[in-house]
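The values are calculated or read from the model by the stated rules, or taken from the named source; none is laboratory data. It should be emphasised that the depicted structure is a prediction, and the values quoted were computed from it without experimental measurement. In this analysis, Cβ positions are derived from the backbone assuming ideal geometry, glycine residues included, and neighbour counts consider all displayed protein chains.
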Amino acid sequence: MSFKTVERKPLTFAERTYVPQIVNGLMTTFKKMVKPNETLEYPEARPPIPEGYRGVPTLVKDPNGREKCVSCQLCEFVCPPKAIRIKPGEIDPTSDSAHVEKAPEAFDIDMLRCIYCGLCQEVCPEEAIWLQNVFSLSGYTREEMVNDKDKLYELGGTLPDKHFKWDQKKAAEDRGNAAH
Amino acid sequence: MTAPAERRIIFKHIDEEGYSNDIACYQKHGGYEVLKKSVAQKPEELRDEVKKSGIRGRGGAGFPCGLKWSFVDRKSGKPIYLVVNADESEPGTFKDRYIIHQDPHQLIEGTIISCFANDVKQAYIYIRGEFPEGARILEEAIQEARDAGFVGKNICGTDYSCDIFVHRGAGAYICGEETGLIESLEGKRANPRIKPPYFPAVLGLYQCPTIVNNVETLCHVKHILDMGADAFLKIGSPNNTGTRIFCVSGQVQKPGYYEYACGEITMGQLLNDVCGGPLPGRTFKAVIPGGSSAKILRFGEKFTIKNKDGTTKEWAVEDIPLDFDSLAAAGTMGGSGGVIVMDDSVNMVEALANINAFYAHESCGQCTPCREGSLWMKKISTRMVHGEAREEDGELIKNVADQIAGRTICAFGEACSWPTQSFVAKFGDEFKTYKDDKNSKPSDSLELV
Amino acid sequence: MIQPAKPDLVTVFIDGKEIAVPKGTNVIEAARMVGTDVPHYCYHPKLTVAGNCRMCLIELGMPMADRATREPIMDPETGKQKINWIPRPQIGCGTTVVPGMHVKTQSPMVKECREGVMEFLLINHPLDCPICDQAGECKLQEQATGYGRGYSRFIEQKNVKPKRTQLGPRVTLDDERCVLCSRCIRFCQEVAKDDVLGFVDRGSYSTLTCYPGKELTNNYSLNTVDICPVGALTSTDFRFKMRVWFLKQSNSICTESSVGANTVVWSREGVIYRITPRQNDEVNDTWMADSGRILYKEVQSGNRLKPTSDLKTSVAAAGSLLQDGAVAVVGSGRSSVEEQFLTAKLAKQLGATSYIVARHGEEDGLLISKDRNPNTRGALVTGLISDLPATELSDLSADIDAGKVTTILSVGEDLTAAGLSAEQLAKVTLVYLGSHANATSAAAKVIIPTLTVFEKSGSFINQQFRLQKFASTIPGLAGAADDRVVLDQLLADVGGASAGSDLPSVWAELSAQIPAFANTAYANIPATGLLLDSSNWSGLDFPEGESLHFKPAAAEATA
Amino acid sequence: MIDLYLNLPVWVQATIKGLIAIGVLIPVAGACSMAERKVSAWIQGRPGPNRAIVPWVAWIPFVGKALQRLGVFHLMADGAKFVFKEDVVPGHVNKFYYYVAPLVALIPALCTIVVVPFGAYIDATTETLKPLILADVDVGILAVFAIGSLSVYALILAGWASNSKYPFLGGVRASAQLISYELSMTLSVIPVFLWVNAPGGNGTLSLFDVVESQSQAGFLGGMWFIFLMPMCAFIFLVALFAETNRQPFDMPESESDLVGGFHTEYGEFKWSLFFVAEYVHMTIGSGVFVLLFLGGWNPLPWIPLEMVISSMPMWLGALVGVGCFLGKTFFFIFFFMWVRWTLPRFRYDQVMKLGWQKLLPLAIANVIFYALAIAMIELS
């Protein structure tokens, strides 16, 4: 025996006519009708974006304004739809962040390909790529939908940093081995 | 129990009034007589005599000298070299310097005899770079000996010729390691060689068979051949023959060098009776018996030692006879004879920081565990004394040391990890509580080497 | 019990597996033969053993024997001879096998040693993998996955060392990443014979540097980058260009000289990023010259010939030119065997004399020979030429002046460089097949753009008469045609019998017509090349002197 | 004005009245589509359509905004869209019937209005209440049923002409369903007319007379038929839902199983005609229900319209009557929508079962019951 018959309570006459149920249903919907709306009137009203929301991928700078991306191309590698394209480059030796050595020369994310999976953010060893709260992105041409480096930094802005690892590195370089 | 009397063989004349390091004085005290006697014998006989005497190397490892000589590849057709290791850099050791400064001819005589015994035509004295005076004295002494016909062509009128050159070291602890020394002697960085295949007895200096012996060992060779192996065997205990020079330093009343027959004196006798005990108002806390790389002994700890007949005996630190085997049984080593004494005023973390700083500075940087590990240990112990000690640091530093010992090219791996291992093993509580220890002086003012 | 091995073989037991290895093999190589990887940094099979990384520590044991009687001591439990394990770990690279040796490469002690060494190597390593070009082919990364701790116990300040040191014109050094394995130093001493590298400072502060006043300028400097197990030595050319995991590897042959160094070409999406040597112990070991590594730049050079009309039209135009007038064919020592064969066929069909131009340069006795044509021997074997070529085409020059030649087909050769004057070129009708523009292409009536060696497949015959194949590494320039196709179509156009231009067809013909290639098919040429019978040409006086794995016939005879 | 109108020939008057009726009905149908969206939105807690706005209306303070929020301009946008959308005709359809079907749907729907009175006024000359109706014919309800049920042909035609399986199924369902419920519906109004045509009166099927009989003096006379004959009203209502293809009876187009039912292949203006027809149906059906059971233009039970408007000018009285009627009708239209967004759609077999096995026996029993009851009253 692989099944069990469930005893059901026999329906009363009123129940069998369904009329009380229908009336009940009508009451319910009427109550709903007079209640305030539950929907959000986008775009005038915007939803609160929860923490950790995976919106449009962006590039961020550290609080000193240094671009965090070092073009390690791990995001390019991990990106499932191959939306990311990076051309690595060397940082100008006269620059303040010359000690970082490497930065992207070009960084494109094709938003027509992007699936907002967040793997790029997860894989980024420099915490440079973040899926932030921009959730609606539109354009008239395919080209417009490819975010280049400038656009990505404009979208990303500056995020607080906990580590300042490159600053520490530079400080250590300045201090030399004498300290220990 | 009072200490037995000093038995000076090598330092017999060293402290005598008017004893100088010129050849005339040396000959007046019977110098070069053994050489004259030896060159008349067959080299094999000399080698057998030395082997029979059981003399163990005084450089630190305590390897039997006769055995070492027997390893030398005499069939290769290549010249055999003898190198005198006068690169005395083990902290706490200063015996070789005294021999060189006070009695260089004793060394030269021992060297030439050894050269003759091993058919060596060319010997080098590799002297520590920080001993410029010693080098000068040696140069002069060799010149005197050469002029007297004891060194150079046709020694003592025979057709045997052997010359000695003094080579000043490049100033590194690792130059005292025999293969490092050989590399340095060849004019390279003193990076120890891998063994196999570079055993000095086969592929040593200039890829030729090479004997590397300590200063004190070679001096003993002279005395062995002088008194005969049988007489030498009677000094000291079996397998630990001859006398040893103990260089006592640290917090005792009378530090200095003392020569005793091996195993004749215990640690307690040496420190309390010979050296006058601890400084007023202090008690002994620990002692390192054989140079800074030897494992430390903590006063108050007990050692259960197995006798040969199967019975056991119990030793306190004070009861340990100062010979190679007894110290090894107590978990440390006779090493180079540098006895470093610490009393209760010493904080062990700070002492270890000092030792670690030395070894980190001296690591040659060739192989990974010692190169990275020694500096890491230094960084940990330095951080501790600079006020950032953590409770787990003791365990960490010991674990780092465990990762070094036994995995390096040369013995430096052990040398730098044994102090840490033993300090933490025996004074682990001090490492745990260092941060809260009232007696500690965690500040930058603590000067490390 | 040890099986009686062949005299030159030694039986050893690695992790219990018995294997007979040649005498003198070290434990790492022996383990490799049983398929066990012993991790290492400083050891390199082509360099002397330094034994300083301590990563290859293994446990070593010998069968126990009674000291006095030499009787083996048996273990009653297993019935086998007891093994006397050495309590301290030994290095695998510096330990050569002896009969009956037992090795443990996977024991807990070995694992602990490796983990310890890994931790030590990483504490002062900057861990800047995101910006390090070695990432992806870094031995530290590889071994860290197996033996890394996963977290750091090191809370102190890491050592600071010089970054971005220019060791030479082509090599950039990041000292912080260096694990002081000394491979580069040994390479410079032992292979390049240019002892310029060394360590300064002591202990953990040891730093790799050039000797004062010296630079790493030798033509083999980039091999130090190849053998550097970490990201310390980087190629200035390749630095920060592309991550290696994106790159496709294709086997190729260096065209710099007749040595024919085996190479790997690394490309991504039709762009070549670097060329590295490929191991071939008979030709180039694991080395190649720096000058051969920049040859890929010709693919994107500005003077590439671009198609102006479709192939059919150009071939028809060329064909009609070649059919009237007295024709001479100038083939090339840079063309592949297949192309040279087709060129010879075409010349035969046209009744033309065929030439190739010799190119000579300075040889370095290592991997660059005097003959700078990668395939002079190919021209001899395929019958394109019958004698050694000259650097100047004086016969052809005389024929032009005498009016005996009115049309010249040049397969990628610049005739002005081969001694013909501009006036002489103006006198004749020129058909030029080639990938790059030059004075000859400028004077040519018909130009058919073809591919560079990186864009096509084929084979070369090097100075040892070793037939070596190369594969196309990137798609060809749009519109440019494979030389083979062009030659084949030209042949068909001038009335010859075309047997197809694809490699199997050409090779079917080659193996049928050329005795040296009998029973050879392109697909069957081994990756390390196929040594051909060179006795037919032993009388020729080839220009090459001695190099890494090559001795000229004369020297061999005297030796 | 009224004189002028009354002096016009009868056919001109009829035409004018007809145009006015159509002019009201079609916008009402449009408004229904709007209302449907709004009602569904409110029930579902949404604001519903609220974006479209004509610029110059937007400039009116408050009102413009309010109208926009109400979504009234979507109606215009929708209409414009239907008119201007590309007229796509699938290749596989039977063109003639395909084009005819929407017309067949709309024409009967609009025709029924002819016999439906939508108000009443006091004729100044006779001082009696006269209906506002296009054609005050005696067949009344019969005409409504007769013409109204013609619309099923539109569905069948559309389903057939589309030459595609879903529309075909939709058409088949429509025909079966309409026949099933037509019976109950017709039976359900018999008691009403039995009551109205009490013995002694002259027989009538006029809807005006039905309303009149709900505005008599006395308790029973002023009582609306919904109170007098609730079962009739119930059966009529259920059948009405089925007849107008409103949920839960929208079998012909049930989009969950038939994609779009009979109009799957229809688009743009032609589709909108079906739409309008459905809403017109609904409007007229509601109107008939109001007339039959809710006292027509009488404002409240026991308060006849005559009583309210006797002192008013004729035109005002007429307006009040129309207002009462429209108000009730609109409520009913709202009721239709309310039900739509409350009840789920029946399964087709349930629809058939309900129609034949439940509603029809009930309707027959109902007729018998009221026939007997009325006979008893008459006899007593």
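Things worth noting here:
- Selection status of B:Arg47, basic (Lys, Arg), touching a residue at least 12 places away in the same chain (Cβ under 8 Å) and surrounded by fewer than 18 Cβ atoms within 10 Å (Cβ to Cβ): no
- Any pair with Cβ under 7 angstrom, 6 or more apart, that starts in segment C:192-206 at a residue that is away from every other protein chain (no Cβ under 12 Å) and ends at one that is surrounded by fewer than 21 Cβ atoms within 10 Å (Cβ to Cβ) and not polar (S, T, N, Q): C:Val196/C:Cys210; C:Val196/C:Tyr211; C:Val196/C:Lys214; C:Val196/C:Glu215; C:Leu197/C:Ile185; C:Leu197/C:Cys210
- Close pairs (7 angstrom Cβ cut-off, 6 or more residues apart or separate chains): under 13 Å from B:Gly268 (Cα atoms) and in contact (Cβ under 8 Å) with a residue 24 or more places away in the chain in segment B:302-324, in a loop (DSSP other than H, G, I, E, B) and aliphatic (A, V, I, L, M) anywhere: B:Ile320/B:Ala330; B:Leu322/B:Ile265
- Checked against (1) facing chain C (nearest Cβ under 9 Å); (2) more than 17 Å from the chain's Cα centre (by Cα), A:Cys124 passes all but a single condition, namely (2).
- The residue that is farthest from B:Pro197 (Cα to Cα), among those in segment C:44-59 that are at the interface with chain B (Cβ under 10 Å from one of its Cβ atoms) and buried (at least 24 other Cβ atoms within 10 Å of the Cβ), is C:Met55.
- With respect to being in contact (Cβ under 8 Å) with a residue 24 or more places away in the chain, in contact with a strand residue (DSSP E or B) (Cβ under 8 Å, 6 or more places away or on another chain) and either more than 9 Å from chain B (Cβ to nearest Cβ) or of a type in the set (Lys, Arg) (or both), C:Cys138 falls outside the description.
- Qualifying residue in segment D:126-137 (condition: over 19 Å from the mean Cα position of the chain (by Cα) and surrounded by 21 or more Cβ atoms within 10 Å (Cβ to Cβ)): yes
- From the options A:Ala172, A:Ala106, residue that is within 9 Å of another protein chain (Cβ to nearest Cβ) and either at pLDDT below 90 or not in a loop (DSSP other than H, G, I, E, B) (or both): A:Ala172
- Restricting segment D:23-81 to residues that are β-branched (Val, Ile, Thr) and over 20 Å from D:Arg246 (Cβ atoms), the residue that is farthest from the other protein chains (Cβ to nearest Cβ) is D:Val24.
- Verdict on C:Glu256 being part of a loop (DSSP other than H, G, I, E, B) and in contact with a Gly (Cβ under 6 Å, 6 or more places away or on another chain): yes
- Verdict on B:Ala117 being crowded, with 18+ Cβ neighbours inside 10 Å and in contact with a His (Cβ under 6 Å, 6 or more places away or on another chain): no
- Considering residues of segment C:142-167 that are surrounded by 23 or more Cβ atoms within 10 Å (Cβ to Cβ) and either at the interface with another protein chain (Cβ under 8 Å from one of its Cβ atoms) or of a type outside the set (A, V, I, L, M) (or both) only, the residue nearest to C:Lys241 (Cα to Cα): C:Lys161
- One residue stands out in segment B:162-212 among those that are assigned to a helix (DSSP H, G or I) and more than 14 Å from every other protein chain (Cβ to nearest Cβ): the one that is farthest from the chain's Cα centre (by Cα), namely B:Tyr206.
- Within segment B:116-139, the residues that satisfy the criterion of being among the charged types (D, E, K, R) and in a helix (DSSP H, G or I) are B:Glu133, B:Arg136, B:Glu139.
- Residue in segment D:325-341 that is within 14 Å of another protein chain (Cβ to nearest Cβ), under 20 Å from D:Glu253 (Cβ atoms), at pLDDT 80 or above and not in a helix (DSSP H, G or I) present: yes
- Contact annotation: residue pairs with Cβ atoms under 7 Å, 6 or more positions apart or on different chains, pairing a residue in segment B:390-415 that is farther than 26 Å from C:Cys181 by Cβ and at the interface with chain C (Cβ under 10 Å from one of its Cβ atoms) with a partner that is of a type outside the set (Phe, Trp, Tyr) and in a loop (DSSP other than H, G, I, E, B), are B:Leu396/C:Arg153.
- Every listed requirement among (1) buried (at least 21 other Cβ atoms within 10 Å of the Cβ); (2) farther than 29 Å from D:Leu129 by Cα; (3) within 22 Å of the chain's Cα centre (by Cα); (4) modelled with pLDDT of 80 or more is met by D:Pro252 save one, (4).
- Residue match in segment D:191-210 (condition: free of Cβ contacts under 8 Å to residues at least 24 places away in the same chain, assigned to a helix (DSSP H, G or I), in contact with a helix residue (DSSP H, G or I) (Cβ under 9 Å, 6 or more places away or on another chain) and within 23 Å of D:Phe335 (Cβ to Cβ)): no
- Qualifying positions in segment D:1-21 - touching a Leu at 6+ places or on another chain (Cβ under 8 Å), at pLDDT below 80 and not polar (S, T, N, Q): D:Ala14, D:Lys17, D:Gly18, D:Ala21
- Residue selected from segment A:145-169 under the condition within 14 Å of chain C (Cβ to nearest Cβ) and surrounded by fewer than 14 Cβ atoms within 10 Å (Cβ to Cβ), by the criterion farthest from A:Asn133 (Cα to Cα): A:Gln168
- Taking segment C:266-364 and the helices (runs of 4 or more DSSP H) fully enclosed by it, the elements with 1 or more residues that are of a type outside the set (Ser, Thr, Tyr), surrounded by 19 or more Cβ atoms within 10 Å (Cβ to Cβ) and in contact with a Phe, Trp or Tyr (Cβ under 8 Å, 6 or more places away or on another chain) are at C:290-293, C:337-350.
- Candidate set from segment A:128-144 (those that are surrounded by fewer than 17 Cβ atoms within 10 Å (Cβ to Cβ) and of a type in the set (Phe, Trp, Tyr)); member that is nearest to the chain's Cα centre (by Cα): A:Phe135
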